[in-house]
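J.: Just dropping this structure here.
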Amino acid sequence: MLRQLRLRLPELDYVYLGDSGRAPYGGRDVDTLLDFSEQCVERLLGEGCRVVVVACHTVSCVALRQLQRLYGGGRTSVLGVTIPAAEAAVAKTRGHIGFLGTARTVASHTFRTEVHKLNPDVEVSEVAAPLLAPIVEEAWEDTEIARMAVRRYIEAFSGIDTLVLGCTHYPLLEHAFREAVSPEVTVLNPAPYVAERFADWRTRHPGFAPPGNGRLRTLSTGDSGRFAEFGARFLGEALPHVEHVGREHGRLALCPDGGEPLGQVVRFKRVHL
């Protein structure tokens with residue numbers, strides 16, 4: 001998602017927060033997703049961001065309304081990826097959309113709801129694919145394991161003409177998806193459409209994302225070195241210095257002294273007298 005946003009709007013400054021230390025989100029319960037997403041948005045707002053684009057489909061499908069209620073309006077705004085994905089799919093489909101996402105994303109049925117708001121006659125088939133994000137995390141997207149997993153999930157669909165990749169990890173498997181589906185099926189990566197819709201939104205709300213210097217800051221809750229290596233595969237270029245953030249008193253705070261601790265760790269509770 002960040003890659004497409006920077007391609008479409010290279011003049012903007014970006015702060016990217018990857019919650020790699022607590023990923024994947026797709027199997028989390030709803031309360032945990034709300035807690036994690038609120039902490040991430042608060043951290044980004046604390047870094048001076050006025051508009052937050054929720055790149056995670058799971059958070060966008062489950063927690064977006066909560067985030068908008070808490071942090072939207074006035075001087076800040078929170079945007080999701082589900083509606084642009086639904087708009088792109090409805091524009092492409094001939095009548096039957098397949099949607100592949102995490103277990104929590106699919107269980108929410110938010111994508112189906114948004115499609116039917118646009119066209120109630122379109123059929124939507126949703127399939128959860130919990131193995132795919134970990135395969136990408138391991139950088140195995142070009143292996144037979146990845147191709148076998150993709151084929152297995154594709155077998156769950158019948159008669160679709162458009163396949164939506166409803167997780168930010170899945171575009172790295174796009175080649176495997178194109179091999180697995182028939183030539184008549186459109187494989188849709190929502191990221192370029194999200195970037196285009198954000199560009200349109202920014203035109204109508206110029207004060208939220210003024211032109212900058214194309215600067216990129218990256219924050220991670222996990223191992224900074226691993227995140228830099230992993231993130232470069234998504235971004236298509238080396239990441240700048242990755243700053244570590246960690247949970248402190250229920251919030252995410254910058255950790256200037258280093259990254260995630262290794263080995264045995266003892267945490268002392270503060271005693272209030």
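J.: What distance in nm lies between label points placed 7 Å from Cα along the C-beta direction at Leu7 and Glu174?
T.: Here the modelled spin labels are 0.6 nm apart.
J.: Looking at the chain, what % of its DSSP beta bridges pair antiparallel, to the nearest 5?
T.: 15
J.: Let me ask another. Which residues does a label at Ala91 reach in the stretch 174-195, if reach means a backbone N under 12 Å from a point 7 Å past the Cα toward the Cβ?
T.: 190-195
J.: Under a 5 Å amide H to amide H cut-off, with H placed in plane at 1.01 Å, what residues pair with Thr218 once short-range neighbours are removed?
T.: Result for Thr218 returns Tyr16, Glu243.
J.: OK, next. Which ³J(HN,Hα) values in Hz, rounded to whole numbers, follow from the phi angles of the stretch 98-105 under the Karplus curve 6.51 cos²θ - 1.76 cosθ + 1.60, where θ = phi - 60° and Gly and Pro get x?
T.: x, 10, 10, x, 6, 4, 6, 4
J.: Given labels modelled 7 Å from the Cα in the Cβ direction, how far is it in nm from Asp29 to Arg204?
T.: Result for the modelled spin labels: 3.8 nm.
J.: On average over all directions, what projected area in square nanometres does the stretch 1-132 have, based on the convex hull of its Cα atoms? Could the numbers behind the result be given before it?
T.: Details: hull surface 35.1 nm².
The orientation-averaged projected area of the Cα hull of the stretch 1-132 comes to 8.8 nm².
J.: Non-local amide H neighbours of Val187 (under 5 Å, H modeled in plane, Pro and chain starts lacking H): which ones?
T.: Leu163
J.: R0 = 45 Å: FRET efficiency of Glu184 with Arg251, Cβ-based, nearest 0.05?
T.: Efficiency at R0 = 45 Å is approximately 0.35.
J.: Same structure, new question: Calculate one ³J(HN,Hα) per residue across the stretch 16-24 by plugging θ = phi - 60° into the Karplus curve 6.51 cos²θ - 1.76 cosθ + 1.60, and present them in order as whole Hz with x for glycine and proline.
T.: Per residue, the Karplus-derived 3J(HN,Hα) values read 10, 10, x, 7, 5, x, 10, 7, x Hz.
J.: Does the stretch 83-189 classify as rounded, prolate or oblate by the C-alpha gyration tensor (a ≥ b ≥ c root eigenvalues; a/c under 1.5 gives rounded; else a/b over b/c gives prolate, otherwise oblate)?
T.: prolate
J.: Can you compute 3J(HN,Hα) from phi for each residue in the stretch 235-252, using the Karplus curve 6.51 cos²θ - 1.76 cosθ + 1.60 with θ = phi - 60°, rounded to whole Hz and x for Gly and Pro?
T.: Here the 3J(HN,Hα) series is 7, x, 7, 5, 7, x, 3, 8, 8, 8, 10, x, 6, 9, 6, x, 10, 8 Hz.
J.: Over the chain, what is the relative contact order in whole percent, taking alpha-carbon pairs under 8 Å and six or more residues apart?
T.: This gives 25 percent for the chain.
J.: R0 = 25 Å: FRET efficiency of Val266 with Glu47, Cβ-based, nearest 0.05?
T.: According to the calculation, E is roughly 0.25.
J.: With N set to the residue count of the chain, report its C-alpha Rg divided by 2.2 N^0.38 Å to two decimal places.
T.: 1.03
Since every read-out is calculated from the coordinates, none of them should be taken as a lab result. In this text, all values refer to a predicted model and were calculated from it rather than measured experimentally. Cβ atoms come from the backbone with ideal geometry, glycine included; neighbour counts cover every protein chain shown.
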